[in-house]
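See structure below.
The values are calculated or read from the model by the stated rules, or taken from the named source; none is laboratory data. Since this is a predicted model, take the numbers as computed values, not measurements. Here the Cβ positions follow ideal geometry from the backbone for every residue, glycine too, while neighbour counts run over all protein chains shown. Just so you know, the surface numbers come from the protein's heavy atoms only, side chains and all, with ligands and any DNA or RNA stripped out. Shrake-Rupley method; radii C 1.70, N 1.55, O 1.52, S 1.80 Å.
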Amino acid sequence: METILSTLNPSQREAVEHIDGPMLILAGAGSGKTKTLTSRLAYLVGVVGIDPANTLTLTFTNKAAAEMRERALKLMPSKVSYPPLLCTFHKFGLLFLKFHIEKLGRSNAFVIIDSDDKKRLLRSIAKELKVDLNLAFIASEISKYKNSLLSPELVLEKAELPDYKKIATVYVQYQKNIEENNLVDFDDLLMLTHKILSENDDLRKETSNRYKYIMVDEYQDTNELQFQLLELLSSEHNNLCVVGDDDQSIYGWRGANIRNILEFSNNFEKCKTVKLETNYRSTEPILKAANTLIEHNSTRLGKRLTSHKGAGDDVKLLHSLDESMEAKAIAKEVQKLLDSGTDPDEIAVLYRINALSRSLEEGFTKEGVAFKLIGGMRFYERAEIKDIISYLRVLSNPHDDFSLIRIINKPKRGIGKASIEKLQKAAFDAGLSLFGYIEKVDNGDLPTVTSKKVSTSLTKLVADVKLLQEIVKSQLGHFITEFEAHIKLKDHYAGMVDGMDRILNIDEFYGYFRDAVIKNPDLTLDEFLNDISLQSDQDQIEEDAITIMSIHAAKGLEFEHLFVIGLEEEFFPLLGEGCNMEEERRLGYVAITRAKSDLTLCYVDSRFYKGRRKMIDKSRFLGEAGLISDTSLKITKQAAFKKGDLVKHKIFGIGRVQAANKSGKEYKLLINFGGNKKEILSSFVQSI
């Protein structure tokens with residue numbers, strides 16, 4: 001027992017020694033949550049004597065599951081005959097369905113389809129139903145429906161907007177198809193497991209009694225379906241221990257529901273809450289900035305990290321004129337670190353939106369700093385950027401068949417694979433390039449090779465290319481505006497699931513092009529393409545390379561030396577429709593707490609925004625983190641009341657706030673007055 005407990009701090013030990021009943025371990029960044037979770041599992045099995053078969057530990061990735069399994073087994077006595085079940089949610093669903101899918105009248109010889117299989121099936125169904133929506137968008141919506149436990153029939157009944165009615169009809173046919181062929185998609189692994197457990201009470205009791213001790217990692221990332229599944233699995237005993245951090249809930253955009261962790265103690269009676277607030281990763285100045293920033297959020301459970309490492313260097317601010325100067329300055333600082341013997345793996349640069357990687361990639365390449373891009377594609381390798389470059393290559397050389405084939409149906413012109421193959425053969429037989437053939441026979445002979453509709457589209461494409469070629473020759477500075485007006489690439493990508501991100505990338509490229517012309521009025525299209533080729537052909541992925549990545553991709557990682565770029569309004573925080581300022585602030589908290597001892601936050605005076613250079617304001621987060629005092633900064637004040645506060649009401653007496661939501665100029669509070677819960681406006685109570 002002492003082996004398991006000896007290396008734990010008092011809070012970690014308290015969590016490990018709690019056995020029965022629900023428990024929320026509120027684990028701050030760098031506070032040893034994995035250590036606590038694995039120690040508790042080892043304690044239950046190796047000290048308390050719980051049968052490993054009665055435990056279930058769930059996480060989100062196979063990598064995390066493998067690491068936790070290895071660490072837990074090392075702490076357990078060798079006499080443990082078999083390992084406890086420690087896996088992802090979806091692996092658990094797969095194991096469950098193999099035993100119980102017959103309850104749905106289906107064979108356990110089902111086949112799991114991956115995302116590519118799913119898209120192929122959806123493509124054939126959409127084609128059959130004449131639904132012309134983006135496939136990725138359809139797939140994403142169907143996934144959301146399944147994770148919200150919405151049946152195809154219900155979605156079809158409730159759909160109102162035309163596009164969503166189309167998706168509903170595809171969903172109905174898709175689900176019918178996979179059931180008839182005994183297929184299971186990724187979302188079905190949990191949806192069908194929930195369906196079986198909720199419809200078979202004896203099996204629910206049996207399963208819950210089998211897994212008497214359930215633990216969940218990264219609980220703040222669970223969605224509605226996962227929450228309901230956990231309710232069913234723990235229904236007979238309530239021995240559910242969840243570990244997470246509401247301040248690191250940054251996946252709301254993909255279905256994670258922060259209410260699951262915020263309301264855990266309400267959903268599971270007699271819940272014990274343990275806060276892990278000792279941070280073993282970062283120095284005090286870094287944690288001070290993180291704590292001060294996140295305290296501006298009103299919907300949080302509340303904790304304050306303290307540093308085990310103690311004092312350290314102040315957080316640095318790097319102010320540059322524009323993104324090129326920013327990249328150059330960071331590259332020089334990085335080079336100094338490398339020259340002093342710093343391990344490249346201990347250096348990283350983070351950004352909020354992917355489009356910002358372009359200036360970093362270019363700046364590091366120019367300065368000769370090797371880098372690796374994690375969790376995303378290099379800027380010039382992204383599909384939308386390759387499409388633009390292919391268009392530019394066709395304008396420069398219309399006989400570049402490779403580039404023409406890439407963009408001949410982007411945006412969609414009804415030119416399918418069969419039509420392209422016919423055109424290629426006809427062009428080859430005529431001894432012409434593809435463009436040369438189309439140009440030569442666009443007088444009405446094309447229908448002999450393709451349909452009349454395709455011929456019309458190709459004739460227009462040739463006309464657009466010729467027009468844009470003239471604009472390139474005479475007014476390169478206005479070219480991009482005319483290019484988008486005629487080709488409409490942004491419209492092509494707008495309907496996709498990640499359309500906004502792609503449009504930001506396109507705008508970044510357009511802005512880069514305009515800026516290149518401003519800096520060199522004599523620039524030619526060929527020269528611009530040559531410069532691009534030098535950038536995109538650089539092979540910088542080496543073992544000894546620093547890391548550049550998005551903040552989302554950096555969650556769970558840590559670096560000795562960290563730079564965060566783009567600390568400006570509209571970039572970080574990202575503003576506009578659908579923006580959730582509290583989630584943006586949590587992203588800021590995650591970014592800051594990746595740093596161990598050296599943190600630099602970077603901002604510029606001007607940056608490309610929607611394709612044009614724009615003067616921008618520094619981020620409100622710099623002020624909210626207490627790093628800069630500037631009256632022009634927008635600082636979003638913390639709510640006067642937050643969950644956990646004690647308040648007094650003149651009639652109901654003293655109560656505790658359980659939720660605080662903005663309502664006009666004040667807050668609507670859900671208050672528990674000794675078991676009597678009331679929703680009351682904040683102006684009618686006072687803090688104690």
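Check the straight Cα-Cα distances from residue 519 and name the aspartates and glutamates below 17 Å, setting aside those fewer than 8 residues away within the same chain.
Answer for residue 519, where 17 Å is the Cα cut-off: 322, 323, 362, 508, 527, 531, listed by chain and number.
Once R0 is set to 35 Å, what does the formula 1/(1 + (r/R0)^6) return for the Cβ-Cβ distance between residue 606 and residue 527, expressed as a FRET efficiency to the nearest 0.05?
The calculated FRET efficiency here is 0.90.
Top to bottom by accessible area (1.4 Å), largest first, where do 34, 169 land?
169, 34
Per the 1.4 Å probe, what fraction of the accessible area of the range 449-514, in percent, lies on carbon and sulfur atoms?
With neighbouring chains kept in place, the figure for the range 449-514 is 58 percent.
Counting DSSP beta bridges in the chain, what percent are antiparallel, to the nearest 5?
35 percent
Stretched out fully, how many nm does the piece from residue 157 to residue 686 gain, at 0.36 nm a residue minus the Cα gap?
That pair, residue 157 and residue 686, stretches by 185.8 nm at full extension.
Round to the nearest 10 and give me the degree value, 0 to 90, for the angle of helix 284-294's Cα axis relative to the longest principal axis of the chain.
For 284-294 against the chain, the angle is about 80 degrees.
From the list (i) 83, 64, 59; (ii) 88, 60, 50; (iii) 84, 63, 54, can you say which value of Cα extents along the principal axes in Å was derived from the structure given?
Evaluating Cα extents along the principal axes in Å on these atoms matches (i).
I'd like to check one number: the per residue accessible area of the chain, probe 1.4 Å, reported in Å² as a whole number.
It amounts to 46 Å² per residue over the chain.
Could you give the alpha-carbon Rg of the range 482-630 over 2.2 N^0.38 Å, rounded to two decimals?
1.22
With respect to the cross-link table entries 275/555; 288/336; 176/488, which display a Cα-Cα separation exceeding 30 Å?
176/488
So how tilted is helix 525-536 from the main axis of the chain? Cα-based, degrees 0 to 90, rounded to 10.
30 degrees
Quick query: amide H of residue 320 versus all other amide H atoms, modeled in the peptide plane; which residues come in under 5 Å with a sequence gap of 5 or more or a different chain?
HN-HN under 5 Å from residue 320: 603, 604, 605.
Accessible surface of residue 517 in the full protein assembly, 1.4 angstrom probe, to the nearest 10 Å²?
So the heavy atoms of residue 517 present about 20 Å² to solvent.
How many nm separate the modelled label positions at residue 417 and residue 579, each set 7 Å beyond the Cα in the direction of the Cβ?
Going from the residue 417 label point to the residue 579 one covers 4.3 nm.
Using helices alone, what [θ] at 222 nm do you get for the chain, with -39,500 (n - 2.57) per DSSP H run of 4 or more residues, divided over all residues and rounded to the nearest 500?
-13500 deg cm²/dmol
Can you check how the C-alpha radius of gyration of the range 1-106 compares to 2.2 N^0.38 Å, as a plain ratio?
1.17
Can you quote the Å³ per residue value for the convex hull of the Cα atoms in the range 314-375, rounded to an integer?
For the range 314-375, the hull spanned by Cα atoms encloses 103 Å³ per residue.
Can you pull the one-decimal nm distance between simple spin-label points at residue 67 and residue 95, each 7 Å off the Cα toward Cβ?
Placing both labels 7 Å along Cα→Cβ, they lie 2.1 nm apart.
Would you list which aspartates and glutamates come within 20 Å of residue 678, measuring only between C-alpha atoms, while excluding same-chain residues fewer than 8 positions from it?
In chain and number order, the partners are 263, 269, 645, 666.
Rolling a 1.4 angstrom probe over the protein chains, ignoring ligands and nucleic acids, what is the accessible area of residue 678 in square angstrom, nearest 10?
Here the accessible area works out near 70 Å².
Taking 0.36 nm per residue of separation and subtracting the Cα-Cα distance, what length does fully extending residue 149 through residue 396 add?
Value of the extension gain: 83.7 nm.
Compute the semi-axes of the equivalent ellipsoid of the range 100-185, taking the square root of 5 times each eigenvalue of the Cα gyration tensor, and list them largest first in whole Å.
Three semi-axes, in Å: 22, 15, 11.
Principal axes first, then extents: for the Cα atoms of the range 387-445, list largest minus smallest coordinate on each axis, whole Å, largest first.
28, 23, 19
With all protein chains present, calculate the accessible area of residue 145 using a 1.4 Å probe and round the result to the nearest 10 Å².
30 Å²
List every residue whose amide H lies under 5 Å from the amide H of residue 298, counting only residues 5 or more places away in sequence or on a different chain, with H placed 1.01 Å from N in the peptide plane.
Amide H neighbours of residue 298: 639.
Do any of 33/98; 165/453; 412/460; 98/144 go past 21 Å between their Cα atoms, and which?
In this structure, 33/98; 165/453; 98/144 exceed 21 Å between Cα atoms.
If I fit a long axis through the Cα atoms of helix 33-43 and take the longest principal axis of the Cα atoms of the chain, what angle between them do I get, 0 to 90°, rounded to 10?
50 degrees
Take the Cα atoms of the range 70-214, find their three principal axes, and give me the spread along each one in whole Å, biggest first.
Sorted largest first, the three principal extents are 62, 32, 27 Å.
Percent relative contact order of the chain, based on C-alpha pairs within less than 8 angstrom and at least six residues apart?
Here the relative contact order equals 15 percent.
Let me check against my output: what whole-number percent is the relative contact order of the range 357-440, with C-alpha pairs under 8 Å and at least 6 apart?
21 percent
If you keep only loop residues by DSSP, which trypsin sites (Lys or Arg not before Pro) in the range 1-80 have at most 16 other Cβ atoms within 10 Å of their Cβ?
79
Can you give me the C-alpha center-to-center distance between the range 367-432 and the range 593-607, rounded to a whole angstrom?
One Cα centre to the other: 37 Å.
In this model, which of 63/309; 63/118; 118/614; 372/466 are farther than 31 Å apart at the alpha-carbon?
Beyond 31 Å: 118/614; 372/466.
With each pseudo-label sitting 7 Å past Cα toward Cβ, what's the residue 179-residue 103 distance in nm, one decimal?
That separation, rounded to one decimal, is 1.7 nm.
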